[in-house]
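Notes for the one structure printed next.
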Amino acid sequence: MATEPGMARRSLVDARTWVVKVGSALLTGNGQGLDERALDRWCGQIASLLATGKRVVLVSSGAVAEGCRRLGFATRPTTVHELQAAAAVGQSGLIEAYERAFRSRDRRIAMVLLTHDDLSDRERYLNARTTLATLLDLGVVPVINENDSVATDEIKLGDNDTLAGMVASLLSADLLVMLTDQDGLHESDPRDDPRAPVVREAPAADGSLDAMAGGGAGRLGRGGMVTKLAAARLAALSGAHTVIANGHAPDILDRLARGEDCGTLLTADVAPLDARKRWLAGQRRTKGDLVVDSGAAEVISNRGVSVLPAGVTDATGTFRRGDMVRVVDPDGRAVAKGLANYDAAEARKLAGCKSSHIEAILGYVDEPELIHRDNLVVL
């Protein structure tokens with residue numbers, strides 16, 4: 001939480017990993033298909049952020065709305081099978097538009113479709129995190145959308161606001177930016193009170209914001225301020241600040257990167273890495289142990305480094321990739337715990353080997369570490 005006015009705004013200048021969500025109302029030209037000129041402007045701003053060393057994930061709505069246009073639907077369908085059909089038809093147009101916009105700026109993109117199952121299953125969660133992190137390391141812009149064409153009522157995330165909050169949490173992002181057709185979160189519904197002031201800054205957890213968020217959504221979208229507030233709170237749990245801002249405002253992303261007072265800033269009370277470590281520390285159930293030699297135990301305890309195969313002497317239990325495991329010294333004392341990159345049988349095969357030999361032993365390599373330092377907490 002900011003300790004003085006403007007401090008959190010100034011911290012946005014240093015935010016390195018951004019998740020930017022663009023809503024349907026901004027992308028679809030009032031239901032007349034994709035507004036590619038507007039889309040191109042946001043892509044230009046994202047390219048500018050990338051040029052300054054920032055890492056950007058783009059969560060984009062618009063597939064269902066574009067599909068509705070292509071299929072001739074006057075309004076958004078209400079049945080799941082029609083929504084899935086519209087998403088399947090519209091997805092190709094959406095990614096083609098992003099491909100053109102980023103290619104003209106010598107930037108590569110990757111389309112990533114996610115469902116709730118991808119982010120709730122431990123192994124798939126870790127796979128998604130690793131894939132997105134690798135894309136960012138390669139300078140690629142991941143363009144993420146909910147996998148509407150295969151989602152069902154039971155697993156549907158509900159809106160891309162929620163998806164954006166989950167992705168910010170997944171990546172331990174520094175900042176979530178939610179671009180909408182409003183100037184931010186107003187103190188009352190601007191449709192009823194056009195003069196309602198915008199909330200400039202507040203803790204995401206502030207309960208008084210709920211009444212201000214109200215309800216409702218656009219004709220072609222599912223989200224409203226209620227879902228944006230919920231997404232901001234989800235992101236805040238992992239340490240990310242959130243800005244809700246008007247995507248039509250000139251150079252909005254560039255201005256946020258300069259720390260300008262735009263939109264509504266909803267602040268988190270912990271830093272991203274601290275939040276992740278706090279979550280890891282709070283997980284009580286472990287599925288097994290990685291036994292390390294005395295040298296590895298010492299450097300892990302003192303420096304919080306990754307757990308490499310070379311320092312491991314054994315693995316016990318029946319854990320899977322993504323499970324919580326303990327790291328114990330030769331005397332059985334727990335020195336750390338974290339999320340395993342390999343299952344127990346694989347870890348036993350890798351014990352004592354160099355990271356460069358993983359592929360030769362297993363036939364593939366996911367990660368060079370058995371536990372990455374970002375997924376490790378020293379006890």
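The values are calculated or read from the model by the stated rules, or taken from the named source; none is laboratory data. In this text the structure is predicted, and so the values were computed from the model without any measurement. A quick note on method: Cβ atoms are made from the backbone with ideal geometry, for glycine too, and the neighbour counts reach across all protein chains shown. Ligands, DNA and RNA are excluded from the accessible area calculation, which covers all protein heavy atoms including side chains. Shrake-Rupley method; radii C 1.70, N 1.55, O 1.52, S 1.80 Å.
In the list 161, 254, 261, which residue meets the criterion of being at pLDDT 90 or above, among the charged types (D, E, K, R) and open to solvent by less than 50 Å² (accessible area, probe 1.4 Å)?
254
Can you tell me which condition residue 228 does not meet? The list is (1) in a helix (DSSP H, G or I); (2) surrounded by fewer than 21 Cβ atoms within 10 Å (Cβ to Cβ); (3) charged (D, E, K, R), and all the others hold.
In the conditions (1) in a helix (DSSP H, G or I); (2) surrounded by fewer than 21 Cβ atoms within 10 Å (Cβ to Cβ); (3) charged (D, E, K, R), residue 228 misses (2) alone.
Results for (1) in a helix (DSSP H, G or I); (2) touching a helix residue (DSSP H, G or I) at 6+ places or on another chain (Cβ under 6 Å); (3) surrounded by 16 or more Cβ atoms within 10 Å (Cβ to Cβ), shown as yes or no for each residue.
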| site | (1), (2), (3) |
| --- | --- |
| 244 | no, yes, yes |
| 266 | no, yes, yes |
| 280 | yes, no, yes |
| 289 | no, no, yes |
| 301 | yes, no, yes |
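Please state which of the following conditions residue 11 fails to meet, knowing it meets all the rest: (1) more than 17 Å from residue 96 (Cα to Cα); (2) assigned to a loop (DSSP other than H, G, I, E, B); (3) open to solvent by less than 50 Å² (accessible area, probe 1.4 Å); (4) modelled with pLDDT under 90.
(2)
Can residue 296 be described as at pLDDT below 95 and farther than 25 Å from residue 35 by Cα?
It is false that residue 296 is at pLDDT below 95 and farther than 25 Å from residue 35 by Cα.
Specify which of the listed residues (257, 240, 249, 281) is among the small types (Gly, Ala, Ser) and under 18 Å from the mean Cα position of the chain (by Cα).
It is 240.
Please work out if residue 227 is under 30 Å from residue 146 (Cα atoms), modelled with pLDDT of 85 or more and polar (S, T, N, Q).
yes
Mind telling me which of the residues 362, 273 ends up being open to solvent by 40 Å² or more (accessible area, probe 1.4 Å) and either in contact (Cβ under 8 Å) with a residue 40 or more places away in the chain or among the aliphatic types (A, V, I, L, M) (or both)?
Every option except 273 fails the conditions.
Are any residues in region 203-219 part of a loop (DSSP other than H, G, I, E, B), buried (at least 17 other Cβ atoms within 10 Å of the Cβ) and at pLDDT 85 or above, and if so, which ones?
Within region 203-219, just 204 meets the criteria.
Any idea which residue in region 315-331 is most open to solvent (accessible area, probe 1.4 Å), counting only those that are touching a residue at least 12 places away in the same chain (Cβ under 8 Å) and out of contact with any helix residue (DSSP H, G or I) (no Cβ under 7 Å at 6 or more places or on another chain)?
Among residues in region 315-331 that are touching a residue at least 12 places away in the same chain (Cβ under 8 Å) and out of contact with any helix residue (DSSP H, G or I) (no Cβ under 7 Å at 6 or more places or on another chain), the one most open to solvent (accessible area, probe 1.4 Å) is 326.
Out of 28, 52, which single residue is within 20 Å of residue 137 (Cβ to Cβ) and hydroxyl-bearing (Ser, Thr, Tyr)?
Exactly one residue qualifies, and that residue is 52.
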